Structures are given as C-alpha cells and as structure tokens.
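Note sheet for the following structure.
Each reported figure results from applying straightforward, stated rules to the coordinates on display, with no laboratory input. Note that the structure is a prediction, hence the values are computed from the model and not measured. A quick note on method: Cβ atoms are made from the backbone with ideal geometry, for glycine too, and the neighbour counts reach across all protein chains shown.
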Amino acid sequence: MSAPDPHSPFFDVLPPGRYGATEKNPVRIAMRHGALLQLSARRGQETAFHTAIQDRFGLALPPPGYATTSGALTALWLRPDCWLLQGPTGDETVLARRLAMGGFASVVDQTHGSAILCLSGERAREVLARLCRLDLHPRAFGPGRVAGTIMADISIVLHQRDDTPEFELLIPSSFAIAFATALRHAADTVGYEIAGAT
C-alpha cells in the first residue's frame, strides 16, 4: 500500500489503513491525481468546438448528466456547453494549449483547484447516500453518469466510473479536509480501507 502524497490536501486526514467496522467487504477510499481543465464553448462556436475535440482527441463530448472516455482522457458534463476534461497528471499545460487552438472555447486549469477521491465497494452507494440526496439506485445512476450535488454541505461533482461500483468525487481543494472527514464518518459503520494515491 503506497503512502499518501505529502502535497495532497488529504495528506493529514487519509492515512493508509483499515478503519471502522470490521465487515468482510469494506469500502475503499483512494486519492487520485490528474489534470483537470474546465472547457466552456464560446457562443456561436458550439458545433465547431465539438468537432475540434473529436478531431484532436478522438473524444465525443458527453450529453447532460454523462461522461465519455477516450484513451487517457475523460470529459464530464458540468452544465450547458461546459465540460471538465480529465487527463494524466502533468498534462494540463499541453492539453490547455491544444484546447485553446482555434478559439472555440475558454479553457481554465482547475488541476490545483480540485481534489479527487474515489470510493468503491459493494456498499459505496450506502455510504454516499448518507451524505447527499441524489437517487443513487443503479436504475437511476449507473456507470458513466455524472451529477453536480451537495454532499456534507459541500458542492462536489460525482462520477460513477464503473459497476464495481467505483465513484469519483471532485471536491474543491479548500474543502478537501472537511469532506474527507465527513466521508470517513459516513463509512465508519460499514468499515473502510484507505489506499494510497493513484
């Protein structure tokens, strides 16, 4: 099990280990790193922007409430004509330059403004349900779904990555400690394992 990144906003509150109830199948909490760029299509350039993203990255921008992935890149819908692009750590500058070409969109680097946590396991939905009012039943929220919501009084972006289920949570960095503390409390009765950064 790897040690947490000393530069992570979660460094002091998510030490690797096994905590809470001693259930057979604890949920898993992991920190994740990556480049995060907010893309906003300029008025009148929406179609050209979609085409440019498809041509340059082979990535189709998702419709409302969804995410799409191509290779190492994932696009998450945030609001009309606005998406969040996730890529490998350290790629934010190169991605921003490539995205800015053509002037079809505004590009804002959010890499250091957001922190990323992953929650996975059979009871992950149960843990998240203690923090928000979203309907997280698989019929309503499944792999590839994205939603902006309030969890523990903090505005976050929730993305279900697969049917493990694994959920990715994007949290404002300034609220990372408060959110991690709330998540640990919510997971305490089912038991949880904290892993190192991925």
* Can you list residues whose amide H is under 5 Å from residue 105's amide H, if they're 5+ apart or on another chain and H is modeled 1.01 Å from N? -> 42
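What does DSSP give for the chain in terms of the percent of beta bridges that are antiparallel, rounded to the nearest 5? Could you put the intermediate results ahead of the total?
Numbers: 47 of 50 bridges.
Once the DSSP bridges in the chain are tallied, antiparallel ones form about 95 percent.
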* Per-residue HN-Hα couplings for the stretch 129-141 [Karplus 6.51, -1.76, 1.60; θ = phi - 60°; Hz; x = Gly/Pro] -> 5, 6, 10, 8, 9, 5, 7, 9, 4, x, 5, 9, 9
* To do: With unit charges on the beta carbon (Lys/Arg positive, Asp/Glu negative), name the residue among 121, 149, 111 whose Cα is farthest towards the positive pole of the charge dipole of the chain.
  => 149
* Within the stretch 1-104, report the GluC sites (Glu not before Pro) that DSSP leaves as loop and that have at most 14 other Cβ atoms within 10 Å. => 23
* Asked: How big is the Rg/Rh ratio for the chain, C-alpha atoms only, Rh by Kirkwood, two decimals?
  -> 0.98
* Asked: Label residue 25 and residue 181 with points 7 Å out from Cα along Cα→Cβ: what is the distance between them in nm?
  -> 3.2
* What percent do you get for the relative contact order of the chain when only Cα pairs under 8 Å and 6+ apart count? -> 34
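Express in nm, to one decimal, how much length is gained between residue 32 and residue 137 on full extension, taking 0.36 nm for each residue of separation and deducting their alpha carbon distance. Present the calculation step by step, with values, prior to reporting the outcome.
Working: separation 105, 0.36 × 105 = 37.80 nm, distance 2.45 nm.
Full-extension gain reported as 35.3 nm.
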* To do: With a point put 7 Å past each Cα toward its Cβ, work out how far residue 11 is from residue 130 in nm, to one decimal.
  => 2.8
* Pairwise label distance in nanometres, residue 60 with residue 150, each label 7 Å out on the Cα-Cβ vector -> 3.5
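Given 10 °C and 1.306 mPa s, compute D for the stretch 56-100 with the Stokes-Einstein relation, Rh being the Kirkwood radius over Cα pairs; round to the nearest whole µm²/s.
Numbers: Rh = 10.9 Å.
This corresponds to a translational diffusion coefficient of 145 µm²/s.
Assign unit charges at the C-beta atoms only (+1 for Lys and Arg, -1 for Asp and Glu), then state the dipole size of the chain relative to its Cα centre in Debye, rounded to the nearest 20. Intermediate values should be presented prior to the final figure.
Working: 18 positive and 19 negative charges, 54 e Å.
Once rounded to the nearest 20, the dipole reads 260 debye.
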* To do: Just report the Cα centroid separation between the stretch 99-122 and the stretch 53-89, whole Å.
  => 9
